[in-house]
Amino acid sequence: MRPPSDMELSLGMVLRLLKALYGLKQSSRAWFEKFHTTITKISFVQSPNDSALFIRHCSSGYVFLLLYVDDMVITGDDIKGIQTTKKYIYTVFEMTDMGQLSYFLGIEVH
């Protein structure tokens, strides 16, 4: 969050938020923008075909990250890249690793 441009804050001052972000109409856009900025810092590229799909390619393979609201699937053939991606996301967002994918959006995965 940033203070209004005309407001000066001295060191140690904090702003009190009067409305929670989740109650605002723009919250989903703000969340996605934050996620997009965060994930592109580690060389992920947004798919031109699906805005919720992010892809990272390196010499050891691919990592695919699919985001739906606040659920995500991370997969690919670069096991070390998957672990690195999860560790990075843990440092920025509160996240729970649900283990092997078995269901996603009501679809059973084998």
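The values are calculated or read from the model by the stated rules, or taken from the named source; none is laboratory data. Just so it is clear, the structure is predicted and the values come from calculations on it, not from any experiment. We place every Cβ from the backbone using ideal geometry, glycine too, and count neighbours over all the protein chains shown.
Summary of values
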item: One residue from SER5, SER51 being surrounded by fewer than 10 Cβ atoms within 10 Å (Cβ to Cβ), out of contact with any Ser or Thr (no Cβ under 9 Å at 6 or more places or on another chain) and free of Cβ contacts under 8 Å to residues at least 60 places away in the same chain; result: SER5
item: Residues located in segment 66-110, provided they are within 17 Å of the chain's Cα centre (by Cα), among the β-branched types (Val, Ile, Thr), loosely packed, with under 10 Cβ neighbours inside 10 Å and more than 20 Å from ARG56 (Cβ to Cβ); result: THR96
item: VAL63, sole failed condition from (1) out of contact with any His (no Cβ under 9 Å at 6 or more places or on another chain); (2) surrounded by 15 or more Cβ atoms within 10 Å (Cβ to Cβ); (3) at pLDDT 90 or above; result: (1)
item: Residue within segment 17-36 that is part of a strand (DSSP E or B) and within 16 Å of VAL92 (Cβ to Cβ) present; result: no
item: Residue count for segment 73-110, restricted to those that are out of contact with any helix residue (DSSP H, G or I) (no Cβ under 6 Å at 6 or more places or on another chain), without any contact (Cβ under 8 Å) to a residue 12 or more places away in the chain and among the aliphatic types (A, V, I, L, M); result: 4
item: Residue tally, condition over 19 Å from GLN46 (Cβ atoms) and touching a strand residue (DSSP E or B) at 6+ places or on another chain (Cβ under 6 Å), over segment 62-100; result: 1
item: Qualifying positions in segment 7-60 - modelled with pLDDT under 80 and among the aromatic types (Phe, Trp, Tyr); result: TYR22
